[in-house]
1. Checking the structure you have, find out if any residue of the stretch 30-39 is surrounded by 10 or more Cβ atoms within 10 Å (Cβ to Cβ) and modelled with pLDDT of 90 or more.
2. Residue check, Thr49 against (1) in contact with a Lys or Arg (Cβ under 7 Å, 6 or more places away or on another chain); (2) loosely packed, with under 15 Cβ neighbours inside 10 Å, all met but one. Which one?
3. When you check Thr64 against the structure, is it in a strand (DSSP E or B) and surrounded by fewer than 14 Cβ atoms within 10 Å (Cβ to Cβ), yes or no?
4. Here is a check on your reading of the model: is Val69 hydrophobic (A, V, I, L, M, F, W, C) and open to solvent by less than 40 Å² (accessible area, probe 1.4 Å)?
5. Could you list, in sequence order, the residues of the stretch 1-14 that are within 9 Å of the chain's Cα centre (by Cα) and assigned to a loop (DSSP other than H, G, I, E, B)?
6. With the structure loaded, tell me whether Asn22 is polar (S, T, N, Q) and at pLDDT 85 or above or whether it fails that test.
Amino acid sequence: MAVDPNDGNNVIAGSASYTSGNHIYRSTNALTATGTAGTFTQIQGSGTTSLPKMPVFDVEVDYTDKDKVI
C-alpha cells in the first residue's frame, strides 16, 4: 500500500493473490470517506495496455506526479 506524500486522499493498494482478478486499486478520498475506508477503484487497465494478472507486493506513488504509480 502507498500513500501519496502530497495528498493523503490518494492511496494505492496492491493485492498479492494468484487469481485472475484485478490486483491494483486506487482511492482518491481516503481521508474524507465516511466509514472505515475510502472508495477503491481498480486501475489494472484493460485490453493490450493492461498490467498482467499477477500479484502486486509493493506500490509507490511518484512524489512529482500523483498519477504515476510505480
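The values are calculated or read from the model by the stated rules, or taken from the named source; none is laboratory data. Please read all numbers here as calculations on a predicted model, not as lab measurements. Positions of Cβ are generated from backbone atoms using ideal geometry, with glycine treated the same way; all protein chains shown enter the neighbour counts. Surface accessibility is based on the protein's heavy atoms, side chains included, excluding ligands, DNA and RNA. Shrake-Rupley method; radii C 1.70, N 1.55, O 1.52, S 1.80 Å.
1. No.
2. (1)
3. Details: in a strand (DSSP E or B): no; surrounded by fewer than 14 Cβ atoms within 10 Å (Cβ to Cβ): yes.
Spelling it out, it is not the case that Thr64 is in a strand (DSSP E or B) and surrounded by fewer than 14 Cβ atoms within 10 Å (Cβ to Cβ).
4. Numbers: hydrophobic (A, V, I, L, M, F, W, C): yes; open to solvent by less than 40 Å² (accessible area, probe 1.4 Å): no.
It is false that Val69 is hydrophobic (A, V, I, L, M, F, W, C) and open to solvent by less than 40 Å² (accessible area, probe 1.4 Å).
5. Selection gives Met1, Asn10.
6. Working: polar (S, T, N, Q): yes; at pLDDT 85 or above: no.
No, not satisfied.
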